[in-house]
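The values are calculated or read from the model by the stated rules, or taken from the named source; none is laboratory data. Computed from a predicted structure; not experimentally measured. Please note: Cβ atoms are built from the backbone with ideal geometry, for glycine as well, and neighbour counts cover all protein chains shown.
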Amino acid sequence: MGELEQLLRKLFLSGLGVFALTQEKIEELVEELAKKGEISWGEKEDFLGEIIKRGKEEKAEVERKIGDKVEEMLSRVNIASKDDIERLEKKIDELGKKRKT
């Protein structure tokens, strides 16, 4: 197994940093592996697809975790959420309508 393939497999298996690689760079690396004969041309598309899929999954998971952490931090500092503001706007509208009648 070549050095480049080992690197890709480590990234794929560990999931670390896969989402940081661009799809174009991944395609270049996999193309190079196929040219060197370290993976077959038939495996190339499957391997590329697996890496890209895993990268997208990792990215989505990181984004979700960041979103969760931001929400947690905002709730700690007692800042109104978008839902809180929308709820208050609705209540203000209702009170305004009651006052007019």
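Annotation note: of 94, 38, the sole residue that is touching a residue at least 12 places away in the same chain (Cβ under 8 Å) and more than 27 Å from the chain's Cα centre (by Cα) is 38.
Go through region 60-84 and count every residue that is in a helix (DSSP H, G or I) and either surrounded by 10 or more Cβ atoms within 10 Å (Cβ to Cβ) or under 17 Å from the mean Cα position of the chain (by Cα) (or both). Result for region 60-84: 16. Against the condition among the β-branched types (Val, Ile, Thr), surrounded by 13 or more Cβ atoms within 10 Å (Cβ to Cβ), under 16 Å from the mean Cα position of the chain (by Cα) and at pLDDT below 80, how does residue 52 come out, does it pass? So residue 52 passes the test. Checking each residue in region 15-28 for being modelled with pLDDT of 60 or more and in a helix (DSSP H, G or I) picks out 23, 24, 25, 26, 27, 28.
How many of the residues in region 29-45 are in a helix (DSSP H, G or I) and either modelled with pLDDT under 60 or surrounded by 11 or more Cβ atoms within 10 Å (Cβ to Cβ) (or both)?
11
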